[in-house]
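Scroll down for the structure; my scribbles are underneath it.
The values are calculated or read from the model by the stated rules, or taken from the named source; none is laboratory data. A quick note: this is a predicted structure, and the numbers were derived from the prediction, not measured. Using ideal geometry, Cβ is built from the backbone for each residue, glycine included, and neighbour counts are taken over all protein chains shown.
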Amino acid sequence: MKLAIVGLSNSGKTTVFNALTGQSLETTIYPTIGGEPNFGVVKVPDPRINKLTEIYKPKKITYASVEYIDYIGLTKGDAQQNRKVFDLIKDADAVVHVVRAFEDDAVIHPMNEVNPLRDIDALELELIFGDLEFVEKRLQRMEEGAKRGKKPNEAEKKLLLKCKDALEKEMPLRDMTFDEEEQKIMKPLQFISIKPEVVVINIGEKDLNTGREKELLNKAEDYFNEKHKTSSLVTRHSLLSLCGKIEMEIAQLPAQEAEAFLEDLKIKEPALNKLIHVSYDLLGLISFLTSGEDEVRAWTITKGTSAHRAAGKIHSDIERGFIRAEIIGYDDFISSGGDMAFAKSKGLLRLEGKEYIVRDGDIINFKFNV
């Protein structure tokens, strides 16, 4: 899973990136317009992998992973500058939109005052305008090609016109309905405003666990509900709040100290865990597990994936030569004392065919022949 961290300048994007990845990149008090993008890969915390590791003592342990990308902030009305960001993040699975809600006179706000709802709206519009610019240029090239006798792809042209109509109404493409054929055409176009979005309200330390934190989340939720009231889609955004500055400090601490710090501040879980859970839910992702003395591993798939397709996540040969899958739920395995033979004697280990829909936490052993 690849998540792109976006936001207006000085919203705390890089601070949040540091909190999520444990890195210590320099953060500035003024907007930056250049530099290199930052990348960080983190393990998805999974207590099930830890427990299976205790049982099997494998040679190798592999957690699911998330890649985060952080780059320069988006600038209201600067299409050329913003295109640099869009070109970098266009293949991300979702965007993490960091919104400034902290007050700090030393950190310049590009629009002179802290106003989270205005900033949410401003960035949403930049994503929309970025897609609209792309659509208009593509339609223009089609028109110029037609004048030279090149026949345009009518299905793509129809789709682009549909997108243009929505974008001109300042509607992000994630709020539109597209059929299977349209989605197929859209995939290589890599629109930005169609991506699922996690909105992170970056609050100050004084606002942690206060009425203001709740108020900010409620107002942001009302904003999205109002924007989406004409949409029939399941909402493709999620909201959470955190204090990036505190979370970055926690990420630099040894595990025991971090745990004590979290408890003292009444933070239930660190930003890394919270954001991953929200992202998995938003993208409809789950994990199945494979276990043994060689390796204990988590594999990320989309909800609704069949056993046959899940086998292909491990290797195309397993998918091609699929015979059946031996499956036990994680909780059933643990309740059997971590003893597969005992679980089998109790009828908890099942044989499933190609069409079985994999569930979160299924421990699977694929049988195949090629």
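Annotations
- Strands (runs of 3 or more DSSP E) lying entirely in the stretch 273-361 (those with 2 or more residues that are buried (at least 17 other Cβ atoms within 10 Å of the Cβ) and polar (S, T, N, Q)): 285-290
- Enumeration of residues in the stretch 151-160 that are farther than 13 Å from M176 by Cα and surrounded by 11 or more Cβ atoms within 10 Å (Cβ to Cβ): P152, N153, A155, E156, K157, K158
- Criterion (outside any helix (DSSP H, G or I), within 13 Å of I201 (Cβ to Cβ) and touching a residue at least 40 places away in the same chain (Cβ under 8 Å)) met by exactly one of V107, V99: V99
- Among the residues examined, M186 qualifies as without any contact (Cβ under 8 Å) to a residue 60 or more places away in the chain, more than 30 Å from G12 (Cα to Cα) and under 27 Å from the mean Cα position of the chain (by Cα).
- Among (1) assigned to a helix (DSSP H, G or I); (2) free of Cβ contacts under 8 Å to residues at least 60 places away in the same chain; (3) farther than 22 Å from M171 by Cβ, the one test that R48 misses: (2)
Every residue, every condition in (1) aliphatic (A, V, I, L, M); (2) closer than 28 Å to E269 by Cα, yes or no:
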residue: N18; (1), (2): no, yes
residue: S24; (1), (2): no, yes
residue: V41; (1), (2): yes, yes
residue: K76; (1), (2): no, no
residue: L88; (1), (2): yes, no
residue: D91; (1), (2): no, no
residue: A94; (1), (2): yes, yes
residue: M111; (1), (2): yes, no
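- Taken together, V107, V99 contain a single residue that is over 22 Å from L282 (Cα atoms), surrounded by 15 or more Cβ atoms within 10 Å (Cβ to Cβ) and among the hydrophobic types (A, V, I, L, M, F, W, C), which is V107.
- Residue match in the stretch 65-75 (condition: at pLDDT 90 or above, exposed (fewer than 15 other Cβ atoms within 10 Å of the Cβ), under 20 Å from the mean Cα position of the chain (by Cα) and not in a helix (DSSP H, G or I)): yes
- Failed criterion for E226 (all others in (1) over 27 Å from D104 (Cα atoms); (2) touching a residue at least 12 places away in the same chain (Cβ under 8 Å) hold): (2)
- The single condition among (1) more than 23 Å from the chain's Cα centre (by Cα); (2) surrounded by 15 or more Cβ atoms within 10 Å (Cβ to Cβ); (3) in a loop (DSSP other than H, G, I, E, B); (4) not acidic (D, E) that A258 does not meet is (3).
- Residue within the stretch 46-64 that is at pLDDT below 90 and either among the aliphatic types (A, V, I, L, M) or closer than 22 Å to I120 by Cβ (or both) present: no
- Verdict on G211 being surrounded by fewer than 12 Cβ atoms within 10 Å (Cβ to Cβ) and among the small types (G, A, S): yes
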